[in-house]
Amino acid sequence: MPPPFHVFLDVDGGGWHPAAWRRSRVSPDAVFSPARLKEFAVTAQAQGLTGLTFEDSTLPDPRNPHGHLDAVQRAAFLAGTTDTIGLLPVAATTYSEPFHVAAQIASLDHSSAGRAGWIATTSTPAVARTVNLPVLDDPQAELTDVVGAVRRLWDSWEDDAVVRDVATGRYVDRDRLHHVDVVATNFSVKGPLTVPRPPQGQPVVAAHERDLLDPGVVDVVLTGSERTRRSAGGPLVVLEVEFALDTAAASGAQRVEALDADAPAPARGRLRWTGSGEGFARYLSGLAGSVDGVRLHAAVLDEDLRTLLRTTFPALRVARLLRPPAAGATLRTTLGRPRPVNQFATA
Amino acid sequence: MTDLRYPNAVVHFGVFFQGVNHSTIWSDPRSGSQMNHSTFTQLIRTAERGLLDAFFLGEGLRLREQRGRIHDLDVVGRPDALTELATLAGLTDRIGLVATQNTTYNDPADLARRLASLDVLSGGRAAWNVVTTDNAWTGANFRRGGYLDHADRYERAERFVNLARRVWDSWDGSEFAPVDSDDGFFDVEIAPTVPRSPQGHPVIFQAGDSPTGRDFAARSADVIFSAHGSDRHDALAFADDVRRRVVAAGRPEDDVLTFPGTQIVVADTEGEVEEKARWVLEQQVTPAPAHDPVIADIDGTRGAARQGHDPRAIAQEWRRVAEENKFSLRELVLHTSARRGFAGTASQLADELTLWVRSGASSGFNVTPFLVPSGLDDIVDQLVPALQERDAYPTAYVGTTLREHLGLRPPLTRRR
Ligand SMILES: Cc1cc2nc3c(=O)[nH]c(=O)nc-3n(C[C@H](O)[C@H](O)[C@H](O)COP(=O)(O)O)c2cc1C
């Protein structure tokens, strides 16, 4: 049996390429279609993927007239109609409220019965302008602070805080609810969270390598480099790959070239791969053993997903690299991460 | 009954899933989890089966405390409203989804976008119940801390809603016109990233009872969620006051609906009404604790009391009543907790609620189930058919959006 290998698929708009919406089989506005989102989720789950990720930005790309629905909202929308696949929205740590982020991801974990993850990101200074906060000179330090605060908020209810003790009339044991009393450089939070502890205890936290001062604060490091390796006892390493596959009409490289002519794609710190669907399966198989998984970004979701389904995924299944999460498993369980002990546990 | 103001009006129902605080009974064996997703799914499916207009979630951004310790006698803990409603959007087709969201501890850039996202994901079923919160200590959970006095909160709320509307309106699918604001409250630049839904904008609810709050609603809201849901004369006075303010704001008098929060106890027979209503009240005034504190030990000067009354005077009056009747503390609370909402057989209730909406006392009711997840069953299985027999309730959803269910005009900024 090969080592566990995790395939995540990003479902954002038309695809990673800013011109993707022009190639979609649907009208520009239909990239926001909730029915289409459900269709992707059902397909990805049936293929045995570990998780869906939801890229996001609160700023529009001026060259690319399609936006994004809020990533947490999209993930939550799919929580009730899926049952094994992980749901990992992007939510920024900079210029956002740690309390709201903690409550949102905790709620997603409750409604998905333990399948929530959080891709913690930093935003560009332009985002500061949308909320009238000072531009941070050290967004990575802010990420560390916010992830730390969110983790304390998730622990602010112990697992057995709700006692429903009819004899004494107590609904909760208040000794098992905790003020978090976080005082960070740019914010403070009193706590406790208004949402009880998530089913996973701590939903899975991921962040990109470039945003991390200390990889130890996350469960999954996202990287654009094939050379990044997991350290003993450290977070899982997941490679970010944006890809464009050959179709009957054009090679993957030609397709990217044509898309670039419409709107050049910015560099995003991900690996770029073009070629045939079979070649892609061989490439991904080669990565198993050196990284724990991949996060796939399709150039044009409608076109590239078709090839993935027809050639790449079947080959990965034969190689035992696409193993569906067990029924009822939490995302943590699927990723082999133990349920963490509550930092406030009194028992 | 020829002098009814709206002789053909129908009853509108929302379900107010409070989830927390004393109105939700937790000690009964039939009471389910406030957090389990199956609770939400069962309730909202029942609501949709009963053709209810909306499923409504409240919000509280800090747990209630007493002297620095979490209040432990009532149900506590609930999901984030918008996140939960997005999940419910994926499981339902027609029912409206109302998120209570605070304007004091949110940013327009983020909240306007999340609301618009829910509106698109639900196919035009989202609404925002705009609240300001009435305390400063909630601020300890947020970057900007506790701030803003009562009047400033409403000023911020109104500017917040107007800014959100401008952001929603500025999406045109091909070009981005960022919305600029520099009004002392919001010095920001926000570009839309979310298209409009089939209902144009999320429906705007407002909850806040002061004159300032009512005027804000008269200028900006589609619906007022009020606490005037027990006494018809009180509700009518409130609705008349709202109509006056709405007309003064230059809008048609029926442009803002009133939706009082209430509770409805449906009994099988007339003989059971009082008994069932009493049982509900007893369960809500916290289950009997092992120790019942002695009245003489209670210090009436602590904690918040009703706005505008001297807490000492209230405490003295209660003390007098307790001594006269030899009440324990719990008996006193039961005595002073006037029954909220309605109790009756389905047929009595159908007559009463029909009278409310046809006399103009309210447009509908935002019903809090006192038991979850089964607390809507009586309403949907008994009261709704009784209303339908009286032609006072729809027999099908008329449209697909919440705006259509409520019979609202287009969003304020999108009228010709
Ligand atoms: C029926 C009703 C429901 C309310 N629900 C909430 C709520 O869920 N969350 C919240 O923070 N505030 C809620 N509020 C509080 C209001 O937002 C407002 O802050 C408070 O009533 C003080 O404003 P006022 O003086 O205008 O009434 C509610 C108010 C009313 C009247």
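The values are calculated or read from the model by the stated rules, or taken from the named source; none is laboratory data. Keep in mind that this is a model prediction, so the values were computed, not measured. Neighbour counts run over all protein chains shown; Cβ positions are idealised from the backbone, glycine included. Accessible surface areas use protein heavy atoms only, side chains included; no ligands, DNA or RNA. Shrake-Rupley method; radii C 1.70, N 1.55, O 1.52, S 1.80 Å.
Within the assembled protein chains, the solvent-accessible surface assigned to A:R74 is about 10 Å², based on a 1.4 Å probe.
Cα gyration tensor of the stretch B:155-227, axes a ≥ b ≥ c as square roots of the eigenvalues: rounded (a/c below 1.5), prolate (a/b > b/c) or oblate? Oblate, because a/c is 1.5 or more while a/b does not exceed b/c. Maximal additional length on extending the B:R251-B:Q348 stretch stands at 31.4 nm, based on 0.36 nm per residue less the C-alpha distance. Accessible area per residue was computed with a 1.4 Å probe on protein heavy atoms; B:D209 scores about 70 Å². Of A:H66, A:H110, the residue with the largest accessible area leads and the full order is A:H110, A:H66 (1.4 Å probe).
Peptide B:117-130 shows a mean partner chain C-beta count of 3 within 10 Å per residue C-beta. Taking amide hydrogens as placed 1.01 Å from N in the peptide plane, the amide H of A:I119 sits under 5 Å from those of A:V90, A:A91, A:A206, each at least 5 positions away in sequence or on another chain.
Spin-label model, A:R268 to B:Y147: label points 7 Å out along the Cα-to-beta-carbon direction sit 3.5 nm apart. On the basis of the beta-carbon distance and an R0 of 25 Å, B:V398 and A:D83 show a calculated FRET efficiency of 0.15. Cα centroid separation, the stretch A:261-300 to the stretch B:324-353: 65 Å. Ranked from largest to smallest solvent-accessible area, with a 1.4 Å probe on the protein heavy atoms, A:D12, B:D391 come out as B:D391, A:D12. In loop segments of the stretch B:151-256 as defined by DSSP, the GluC sites (Glu not before Pro) with at most 15 further C-beta atoms inside 10 Å of their C-beta are B:E175. Quick check on the stretch A:128-179: take the gyration tensor over C-alpha atoms, sort the square-rooted eigenvalues as a ≥ b ≥ c, and tell me if it's rounded (a/c under 1.5), prolate or oblate. Note, shape of the stretch A:128-179 comes out prolate. Couplings 3J(HN,Hα) for the stretch B:3-9, derived from phi with the Karplus relation 6.51 cos²θ - 1.76 cosθ + 1.60 (θ = phi - 60°), are 8, 6, 5, 10, x, 10, 5 Hz, where x marks Gly and Pro. Taking both sides together, the accessible area buried where A meets B is about 5800 Å² for a 1.4 Å probe.
Electrostatic bookkeeping for B:R251 treats Lys and Arg as +1 and Asp and Glu as -1; over the other residues with beta carbon under 11 Å from its beta carbon, the sum is +1. Placing dummy labels 7 Å off each Cα toward the beta-carbon, the span from A:R310 to A:D160 is 5.7 nm.
The stretch A:165-195 and the stretch B:224-285 have their alpha-carbon centroids 34 Å apart. For chain B, carbon and sulfur atoms together expose 48% of the accessible surface, with a 1.4 angstrom probe and every protein chain in place.
Classify the stretch B:121-269 as rounded, prolate or oblate from the Cα gyration tensor: take a ≥ b ≥ c as the square roots of its eigenvalues, call it rounded if a/c is under 1.5, otherwise prolate when a/b beats b/c and oblate if not. Here the stretch B:121-269 falls in the prolate category. Note on the stretch B:97-256: with charges restricted to the Cβ of Lys and Arg (+1) and Asp and Glu (-1), its dipole about the Cα centre is near 340 debye.
Rolling a 1.4 angstrom probe over the protein heavy atoms with all chains in place gives the protein assembly as shown an accessible area of 38 Å² per residue. Scaling against 2.2 N^0.38 Å puts the C-alpha radius of gyration of the protein assembly as shown at 0.98. For the stretch A:197-346, the share of accessible area belonging to carbon and sulfur comes to 54 percent (1.4 Å probe, ligands and nucleic acids excluded).
Between the stretch B:96-169 and the stretch A:303-345, the alpha-carbon centres lie 37 Å apart.
When the residues A:M1, B:M35 are ordered by accessible surface, computed with a 1.4 Å probe over the protein chains alone, the sequence from largest down reads A:M1, B:M35. Kirkwood hydrodynamic radius computed over the stretch B:71-158 comes to 14.4 Å, based on all pairs of distinct alpha carbons.
Within the listed set B:N135, B:N102, B:N325, the Gaussian network model of chain B (springs between alpha-carbon atoms below 10 Å) gives the highest mean-square fluctuation for B:N325. Helix B:273-284 axis versus longest C-alpha principal axis of chain B: approximately 80°, rounded to the nearest ten. Within chain A, the percentage of alpha carbon pairs spaced more than 30 angstrom apart rounds to 36%. Computed about its Cα centre, the charge dipole of the stretch A:97-255 is approximately 240 debye, with only Lys, Arg, Asp and Glu carrying charge at their Cβ.
In the assembled protein chains, A:V172 presents an accessible area of approximately 0 Å² (probe radius 1.4 Å).
The convex hull around the C-alpha trace of the stretch A:253-347, projected and averaged over every direction, spans 9.7 square nanometres.
For chain B, the longest principal axis of the alpha carbon atoms and the long axis of helix B:232-248 meet at an angle near 20°. In a simple Cβ point-charge model (Lys, Arg +1; Asp, Glu -1; nothing else charged), the stretch A:253-347 has a dipole of about 580 debye relative to its Cα centre.
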